[in-house]
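Asker: Have a look at this one before I ask anything.
The values are calculated or read from the model by the stated rules, or taken from the named source; none is laboratory data. Note that the coordinates shown come from a computational prediction; the quantities given were computed from them, not determined experimentally. Here the Cβ positions follow ideal geometry from the backbone for every residue, glycine too, while neighbour counts run over all protein chains shown. The protein model used for the area step is the full one, side chains on, heavy atoms only, and it has no ligands, DNA or RNA in it. Shrake-Rupley method; radii C 1.70, N 1.55, O 1.52, S 1.80 Å.
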Amino acid sequence: MKLTGTGQFHPVRWRLLLASATMLFVELALIRWAGANVVHLSYFSNFILLGSFLGIGIGFLIPATRGQWIIRWAPVPLAVLVVLVRAFPVQVRQSSPQIIYFTSVKTTGFPEWVTLPVIFLLTAVIMTAIGKITADLFRRLPSLDAYRYDLLGSLTGSASFALLSWLRAPSVVWGVLAAAALLVLGGRRNILRYSVPLTAMVAALFVETTTVGISWSPYYKIQVKPLSPTVPEYTISANGVPHQAIVPLSVLMQAGSPYRQAYDQTPANPHKRVLVIGAGNGNDVAVALAHGAQRVDAVEIDPRLQQIGAQLHPAKPYADPRVHVHINDGRAFLERTNTKYDLVVLALPDSLTLVAGASNLRLESYLFTQQAFEAARDHLTPHGAFAMYNYYRTSWLVDRFAGSLNDIYRHAPCATTFAANAAVLVAGMTTADQSCTQTWRPSGVVPAAASDDHPFPYLLHRDIPTLYLGVLGGILLVTLVSVRLTGVHIRRTLRYTDMFLMGAAFMLLETKNVIGFALYFGTTWLVNALVFIGVLLAVLGAVETRRRLRRVNLLPLQLLLFGTLAAAWLVPAHVVLSLPFPGRLAAAIALAFAPIFCANLIFSDRLALAPDPASAFGANLLGALTGGVLEYLALVTGYQALLLVVALLYLGACVVMRFTGRRPDAQSTSAPDGMVAVNNQ
C-alpha cells in the first residue's frame, strides 16, 4: 500500500488517531471508574495504569500475522469488568501498620486476593485488544508518521477526558463514547459481535448514573443521602466511602464539638479573618461565621462538594457575602495569597484518591509537609493561630503533626482528643495566643516530619510497605508470564533493550514532573491534565523536529539530555516556589520539559531506524511499566532522587544504543513519510 503525499488524507492515519485516542481515553476512564467503585484502588491508581501498560505493550509486541482473535472479541473483557464490578460492589479493607488508609467501610464482595488480580488481568486484556488494533495500524505507516498520529490521538483522548471531567459528565457518557469509538474501529465485520457486550457495558453504567443521589466530580463519584426526613442532615460518600456530613449549626456549636476547639482555645483571638482549607460542604465556614468572622476564605479542591454544601447546608454559609470561595488546592492558595489571617484551619482535608499518574501522592499530601505548616504560619497575624483536626487513626500520626508544629512555633500545641482517634491541634503564634485544656505530649518516639521532597505523611518510616512489595512483585511476575504466553519472542525483543530502558526512564521522568507541578501549582485535576497534555506536546515537538532532520548527531543530544537532568536535580523546589507566579511557571516548564524534549528526540531517532517499530514501541511500553514499579522508590528516597535513577536508566540506554540502536535495516522504517515501509515479521 502506498501513500502518495505527506499531507494527503488516508483512512489509515485517521483510524490510527482514533485507535490511539480510544486507548488513552479508556485507560483514563478505567483509572477513574475503577477507583470510584473498588475502594482502595483509589489509593493504587497506578495499579490500573500498570495493567494498561502491560496490555498495550503486549498488543504492540504481538506480530501482525497473529492475534486477530483478540481484536474480534475486544469489547468482551471491558464489558465483563464493568458488569462484574457493578454486580459485586467491592470494598477491600487494606490494613497495614506501615501506612494509613482513610476509610470506615466494611469489607464486602470477593476477597482482595481474588478481586485485585482479576481487575489487573482484565485491564491488561482490555488494553491488549485495543493495543493490538493500534499496533496493526501503526505498522502500516512509516515509523515517525505512525508515532506522530499516535501522539495526536493520545492528545485527543487526554483532552477529551479532561473536558468530560470539567463538565462533570457521568460514567455512562464515558461508556457511550468508548463504545462508539470501538464500534468504528471494529468495522462492519464485527458490528454485531461488538454490539452485544458494548450494550451490556453501557446499560450497567446507565444504571449507575441514574442511581438516586449519584453525581461525579473531577475527583470522585459522590453520593448524597438524607439522614432524616425531617431534619436537614445528609451524609456525603466519595467513591463509596463515608466522607462528609452536613449537619445544622446548632449541632456544630455544641459544647465539646471538634468544630469549636480552634475558637475555644484561642479566646483572645479576634477571629476577624479566617482561612478554611478543606471547606467542603461548609460546616467549618458556618462555624467561623458564627464566631463573628468578618471575612472567610473558603478553599475547597472539589467543586462538586462545595456546590452540594451551597445547595443543602441549612446554615447557607456559602450564601453569606463575608464568604469568598476558592476552588483550588490549599497549598497552592497559600503560595499565591499575601493575605494575613487571625486563624488558619485545616478542616478534615483527607482525600480518598491520589493524584492521577502519581502512585502515592494524595490530593492533600502537600498540605501536611513541614514547608506547608511554615507557609501557614507565615500567613498568620502577629497573634494569630493555626488549627488542624481529623480522625487520625493512630497516635504516631498525631505525634508527627504535633511535633512539626512544636518545631515551627517553638512550643507545644494544644491537643484535644476525641473518640475514634480524632484529635484537634491548635498552635498560637506564642503560648499566650493559645489556651489549652490539654497540651500535646508525645506518646513515644516522634516520627520525622514529612517534607516537600518526601510528601508521605501517612507512611511511618522511609520504606516500601510489604503490601506494596507483594503487589508489585505479583505484577512483574504476571508481566513475564503474559509476555511468554502470548507468543512474544523475548530474544527478538532484546534488541530493543535500549527502548525498554528509555520507557522506564521516561515514566519516572513524567512522574517527577507531575509531582513537581502539583507542588508548584496545586494537586487539582486541571493542573494534572495540563501537565500530561504538556508532556505529549513536548514529545510531539521532538517527533516533528526529528521528521525534518536528515541525520541526528546523538552525542550532543545525549550530553544535552544529561545537562537538563542535572539542572532539574540541582535546582531545589523551594527556589522555584519562591519565584513570583510568571517566573515559577517559566522555571517549572523549562526544568520539566527540556529533558523530555531531548529524550524524545533521541527516542524518535531510534524509532526511525528500528526494523520493527511496533515491537520497539511495545518494548518501550513494557519499560514504562517497569518505570511505574520503580516509582515506589520515592517512598524511600524522596522524589528528587528519582532523577538520579532516570539518569542511570538513560545512561544504560545510551550505552546499549551505541552497540545495537543505530544499525539501519535494509527495509528500515526510516523511509520518507510518503511511503510505507515493509516490516519484517
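Asker: Calculate, for R189 and T545, the FRET efficiency according to 1/(1 + (r/R0)^6) with r their C-beta to C-beta distance and R0 60 Å; round to the nearest 0.05.
Answerer: Values: r = 39 Å, r/R0 = 0.66.
The pair R189/T545 has a calculated efficiency of 0.95.
Asker: Something else: What are the ³J(HN,Hα) couplings of the stretch 443-450, residue after residue, when phi is run through the Karplus curve with 6.51, -1.76, 1.60 and θ = phi - 60°? Round to Hz, x for glycine and proline.
Answerer: Coupling constants for the stretch 443-450: 8, x, 5, 7, x, 4, 5, 6 Hz.
Asker: In degrees between 0 and 90, to the nearest 10, how far off the longest principal axis of the chain does helix 143-167 point, with axes built from Cα atoms?
Answerer: It is inclined by approximately 30 degrees.
Asker: Further question: What do you get for the angle between helix 171-186 and the principal long axis of the chain? Use alpha-carbon atoms, 0 to 90 degrees, nearest ten.
Answerer: Its long axis makes an angle of about 0 degrees.
Asker: Highest mean first, how do 586-599, 603-616, 501-514 rank when packing is the count of other Cβ atoms within 10 Å averaged over residues?
Answerer: Values: 586-599: 19.9, 603-616: 24.4, 501-514: 26.1.
Ranked from most to least packed, the peptides come out as 501-514, 603-616, 586-599.
Asker: Moving to a separate point now. So how much slack lies between A422 and R336, counting 0.36 nm per residue of separation and subtracting their Cα-Cα distance, in nm? Mind showing how you got there, number by number?
Answerer: On the way: separation 86, 0.36 × 86 = 30.96 nm, distance 3.07 nm.
Stretched fully, the A422-R336 segment lengthens by 27.9 nm.
Asker: Residue-wise, which Karplus ³J(HN,Hα) couplings in Hz belong to the stretch 616-629, taking 6.51 cos²θ - 1.76 cosθ + 1.60, θ = phi - 60°, and x for glycine or proline?
Answerer: Here the 3J(HN,Hα) series is 4, 5, x, 4, 4, 5, 5, x, 4, 4, 4, x, x, 6 Hz.
Asker: How large is the direction-averaged shadow of the alpha-carbon convex hull of the stretch 411-561, in nm²? Before the final figure, lay out the partial values.
Answerer: Working: hull surface 66.6 nm².
Convex hull of Cα atoms, orientation-averaged projection: 16.7 nm².
Asker: Between V212 and F88, what is the FRET efficiency for a Förster distance of 25 Å, r being their Cβ-Cβ separation, to the nearest 0.05? Could you put the intermediate results ahead of the total?
Answerer: Details: r = 21 Å, r/R0 = 0.83.
Once rounded, the FRET efficiency stands at 0.75.
Asker: Let me ask another. Using the alpha carbon gyration tensor of the stretch 132-222, what are the three equivalent-ellipsoid semi-axes (square root of 5 times each eigenvalue), largest first, in whole Å?
Answerer: Details: eigenvalues 171, 77, 9 Å².
Whole-Å semi-axes of the equivalent ellipsoid: 29, 20, 7.
Asker: Measure nothing fancy, just the Cα-based angle from helix 112-138's long axis to the longest principal axis of the chain, in degrees from 0 to 90, nearest 10.
Answerer: Compared with the principal axis, the helix lies near 40 degrees.
Asker: Sticking with this structure for a sec: Leaving out ligands and nucleic acids, and using a 1.4 Å probe, what accessible area per residue does the chain come to in Å²?
Answerer: That works out to 39 Å² for each residue.
Asker: Follow-up question, since we're still on this one. Taking amide H atoms as placed 1.01 Å from N in the peptide plane, list the residues 5 or more away in sequence, or in a different chain, whose amide H sits under 5 Å from that of T394.
Answerer: Long-range HN contacts for T394: none found.
Asker: The chain: D in µm²/s via Stokes-Einstein (Kirkwood Rh, Cα pairs, 10 °C, 1.306 mPa s)?
Answerer: Values: Rh = 26.4 Å.
Here the translational diffusion coefficient equals 60 µm²/s.
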